[in-house]
Amino acid sequence: MIRKLIRQMLTAQILSALTVSLCLLIDSIMIGQFLGVDAIAAYGLANPLLIVIGAIGSMLSAGVQVTCSRSIGKGSQEETNKGYSSAIGIAVIISGAFLVIALLLRKPLATLLGAGTEGQLFSDTSDYIAGFSIGAPGSMGALILVPFLQMAGQSNLLIAAVVTMTVADVGLDLLNVLVFGGGMFGMGLASSLSYYAALLVGGVYFFRKKCVFSFSLSRIRRDKIRELLVSGVPSVFTMASTVA
């Protein structure tokens, strides 16, 4: 039983890391190949901001794995559903806030990250931040679903979601540079859309009648959110070292 739980947690953590790391890796390769030195420098400057949203999502994902596995082990479906509802609720709030702040403050953020106040480097950095931040709800949503799909025994959907995300990101990056000429904003947007594609594939299960989890606004609790965050704190360091 303990070995099975550890195996499930490791699988969830690996897939959570891949969800962010794959898009970052693909973007770095595509930007370096097609958009030149200034663009890859802009990508490097924006990277810490991307790691932040990935680390928060990974933290919540790990917190879900610990908290909901515990309640499932106790046979408490209501506590599990509180964890499920609270995880979705806090993910919507955090990712929505990140999206709004990043879009509104993309230029000051670019300057803060070292891109200066004008020129191509500044423009590329702020554009990439804007494009990538649009996908914050999608990336965090995909990360949150990983442990729930794992606990529900939907490993095939997890694999399908990661494959879909990877193929979509490569395809959209190529369309951006070869057809649309969207520059750094297009590269960031391609990653955003690939996250939503993964979320769509993985999220199919949660709309089925046989889904074992039930969402309700009334089940969103402050104490459960606190438990999710505290349980997931150790994963922040793991995530940062993985994608840095």
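The values are calculated or read from the model by the stated rules, or taken from the named source; none is laboratory data. These figures come from a predicted structure and were not determined experimentally. With ideal geometry, Cβ positions are generated from the backbone for all residues, glycine too; neighbour counts draw on all protein chains shown. Only protein heavy atoms, including side chains, enter the accessible area calculation; ligands, DNA and RNA are left aside. Shrake-Rupley method; radii C 1.70, N 1.55, O 1.52, S 1.80 Å.
What the table shows:
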quantity: Residues satisfying the stated conditions in the stretch 81-92, i.e. farther than 16 Å from Gly232 by Cα and hydroxyl-bearing (Ser, Thr, Tyr); calculated: Ser85
quantity: Residues (assigned to a helix (DSSP H, G or I), out of contact with any Cys (no Cβ under 9 Å at 6 or more places or on another chain), under 15 Å from Met151 (Cα atoms) and open to solvent by 30 Å² or more (accessible area, probe 1.4 Å)) located in the stretch 53-81; calculated: Val66, Arg70, Ile72, Gly73, Gln77
quantity: Matching residues, the stretch 39-72, being farther than 23 Å from Gly141 by Cβ, in contact (Cβ under 8 Å) with a residue 24 or more places away in the chain and not aromatic (Phe, Trp, Tyr); calculated: Ala39, Ala41, Ala42, Leu45
quantity: Residue, modelled with the lowest pLDDT, within the stretch 19-52, restricted to residues that are surrounded by fewer than 17 Cβ atoms within 10 Å (Cβ to Cβ), under 27 Å from Pro147 (Cα atoms) and aliphatic (A, V, I, L, M); calculated: Leu25
quantity: Residue match in the stretch 104-119 (condition: surrounded by 24 or more Cβ atoms within 10 Å (Cβ to Cβ) and of a type outside the set (A, V, I, L, M, F, W, C)); calculated: no
quantity: The stretch 232-244 - residue that is open to solvent by less than 30 Å² (accessible area, probe 1.4 Å) and either polar (S, T, N, Q) or at pLDDT 80 or above (or both) and, of those, farthest from Leu49 (Cα to Cα); calculated: Gly232
quantity: Among (1) touching a helix residue (DSSP H, G or I) at 6+ places or on another chain (Cβ under 9 Å); (2) free of Cβ contacts under 8 Å to residues at least 24 places away in the same chain - the single one Glu118 does not satisfy; calculated: (1)
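Conditions (1) charged (D, E, K, R); (2) open to solvent by 50 Å² or more (accessible area, probe 1.4 Å), marked per residue:
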| site | (1), (2) |
| --- | --- |
| Met151 | no, no |
| Leu158 | no, no |
| Val163 | no, yes |
| Val167 | no, yes |
| Val177 | no, no |
| Gly186 | no, no |
| Arg208 | yes, yes |
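Residues checked against (1) among the basic types (Lys, Arg); (2) free of Cβ contacts under 8 Å to residues at least 60 places away in the same chain; (3) under 14 Å from Ala91 (Cα atoms); (4) touching a Cys at 6+ places or on another chain (Cβ under 7 Å):
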| site | (1), (2), (3), (4) |
| --- | --- |
| Asp127 | no, no, no, no |
| Ala136 | no, no, yes, no |
| Gly141 | no, no, yes, no |
| Leu149 | no, yes, no, no |
| Gln154 | no, yes, no, no |
| Val162 | no, no, no, no |
